[in-house]
Structures are given as structure tokens and as C-alpha cells.
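Below is one structure, written out as C-alpha cells; comments come after it.
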Amino acid sequence: MPDPSQSKQTRQLDVKEKKRSSFFKKISFFISAFGLSFIILLFLHSFFLIAHIEIHGTDSLYGVTPLKGEYLVLLDEEKIKAMLLAANPSVATIRLSKKLPSTLVIDVTKRKKIAILDVDMGYYYLSQDGVILGKDRKSAKLELFPHISYYQQFNLTEYAQGERLTMKDLEYALFFIKKVDEIGVLIDRLDIVSPRMLLLKTKSDKRLLFTTQKDRDTQVSEVILLIKKMTVEKREYKGIDVRFDKPVLLLK
């Protein structure tokens with residue numbers, strides 16, 4: 001006949017063994033689940049790393065190489081745009097877009113040369129917002145853009161390519177060149193006679209006088225209105241002066 005005490009001990013041992021086995025199974029499950037989750041996360045992380053960069057609008061762009069290997073999904077677009085614009089002064093705007101899983105697309109709009117500033121021993125090629133896009137010495141063959149002469153001449157080495165000239169009178173000069181060119185008037189040059197007075201000369205020997213002391217959009221509107229009026233009436237004129245409250249038509 002079996003000993004009741006031994007039978008009881010055997011049952012207790014079986015229960016303990018089952019609990020121990022259940023515990024190890026749970027530990028094994030959690031370890032496996034954690035390992036699988038880690039592998040999935042590692043795969044997803046590497047899956048969304050930037051591996052390809054497409055650039056549209058320019059042949060070269062400084063500062064893009066370090067972006068490879070960055071996490072595409074969490075990319076700080078504003079920070080990247082600011083960094084690229086600072087590294088590429090010839091670029092006016094940058095737009096970023098993400099092509100999942102691993103491609104960053106960069107669309108670039110470049111600044112365009114609109115005028116040549118005469119400086120001592122050479123020239124600066126300027127964009128509409130006053131950025132120096134290139135420099136040449138006087139012996140170089142110049143591209144065909146309107147010339148700007150400044151009452152206080154700069155030295156060729158005074159500013160570097162990529163720097164922006166922020167003088168108010170020069171900003172006005174570039175603005176007037178762009179707007180007058182947009183209405184089809186061929187511009188020869190613009191002389192910044194003083195901080196207040198700007199004289200634009202056209203290829204047809206007309207003179208347009210502007211000022212920095214009056215709203216520049218108003219001045220352009222007055223010039224356009226008078227040019228259209230003279231064209232319709234087929235009248236000859238020598239120039240237009242919009243520096244004062246009322247525009248003045250200079251007749252021959």
C-alpha cells in the first residue's frame with residue numbers, strides 16, 4: 001500500500017515543477033518577443049534611412065552629402081533648408097519632399113543675374129536681392145546686363161561672391177531695373193547719383209529719374225502709366241521724373 005505522505009510530496013513536487021516550467025516558458029516568450037521587436041525596429045530604422053538624394057534645378061548643391069544616413073521620416077526640414085541656403089548663396093529657394101522609403105527630393109530655384117555693378121578694377125554680377133553671384137576684372141568679357149554705377153565706388157575685393165549688398169539705394173536700383181525690364185523697356189544703365197537720386201537710362205536714350213524717398217511701387221506705376229500714354233499718343237519725350245508728388249514728363 002502506497003505511503004500517503006510520499007504521494008503528497010510527489011504531488012507537491014509536480015506542482016512546483018509545473019510552476020517552474022511555466023515561469024521559464026513566460027521568460028522565453030518575453031525574450032523572444034523582445035528580440036523580434038528589436039529586429040523589426042532595427043529593420044524599420046534602416047529601411048527609412050536616406051539612401052538616395054534627388055536634386056532638381058541645379059547641377060550641384062553644397063551640403064547634401066552629410067544628409068545620407070539621416071532618418072527620413074523625422075527630418076527637420078526647416079533646419080535643413082536653412083543650412084543648404086546658407087551653404088549655397090546662389091540659391092533663392094529650396095523645397096524638400098520625401099519619397100518613401102529612403103529618397104529625399106530637393107527642388108531648387110537659383111538666383112538670376114539682373115545687373116552689373118561697376119567697382120574699382122572690375123565688376124560684381126548682382127541678383128535682384130543684391131547677392132553677388134559673380135565677379136570679373138575689367139579685362140573680362142562681360143555678360144549683357146544693365147550696368148549700375150555707385151556714387152561711392154567699391155573695391156573688387158571688398159565683398160566676396162555670395163555676400164549680399166544691403167544698401168537701400170542699391171536695393172531700389174535693382175528693383176527699378178527689374179520692373180522697367182518687365183514692361184519691355186531695354187535698359188542701358190542706372191546711375192545711383194546720390195543716396196536719394198537714381199537715374200535710369202534706356203537704350204532709346206530716355207531718362208527715368210527715381211528716388212529712395214518715395215514708395216517705389218508708386219514710382220513704377222507712374223512711369224508705366226506715362227510710357228503707355230506717350231506710346232498711345234505717339235508723342236516723343238526725353239524722360240520721366242517721378243521723384244516728387246506728381247510725375248513730371250520731360251519733353252523734347
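Summary of values
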{"item": "Considering residues of region 209-248 that are outside any helix (DSSP H, G or I), at pLDDT 95 or above and in contact with a helix residue (DSSP H, G or I) (Cβ under 6 Å, 6 or more places away or on another chain) only, the residue farthest from residue 145 (Cα to Cα)", "result": "247"}
{"item": "Only listed residue being outside the structural domain of residue 126 (by TED's automatic domain parsing), touching a Lys or Arg at 6+ places or on another chain (Cβ under 8 Å) and either at pLDDT 95 or above or not basic (Lys, Arg) (or both), chosen from 67, 96", "result": "96"}
{"item": "Where a residue in region 206-223 is touching a residue at least 24 places away in the same chain (Cβ under 8 Å) and its partner, wherever it lies, is in a helix (DSSP H, G or I) and of a type in the set (A, V, I, L, M), with Cβ under 8 Å and at least six apart", "result": "208/180; 208/223; 220/180; 223/180"}
{"item": "Those residues of region 203-218 which are surrounded by fewer than 18 Cβ atoms within 10 Å (Cβ to Cβ) and of a type outside the set (Gly, Ala, Ser), in sequence order", "result": "203, 205, 207, 213, 214, 215, 216, 217, 218"}
{"item": "Members of region 62-82 found to be surrounded by 13 or more Cβ atoms within 10 Å (Cβ to Cβ) and among the small types (Gly, Ala, Ser), listed by number", "result": "63"}
{"item": "Residue ranges of strands (runs of 3 or more DSSP E) in region 84-193 with at least 1 members surrounded by fewer than 15 Cβ atoms within 10 Å (Cβ to Cβ)", "result": "91-99, 103-110, 132-137, 187-192"}
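The values are calculated or read from the model by the stated rules, or taken from the named source; none is laboratory data. Computed from a prediction, not measured in an experiment: that's the story for all the values here. Here Cβ is always computed from backbone atoms with ideal geometry, including for glycine, and neighbour counts include all displayed protein chains.
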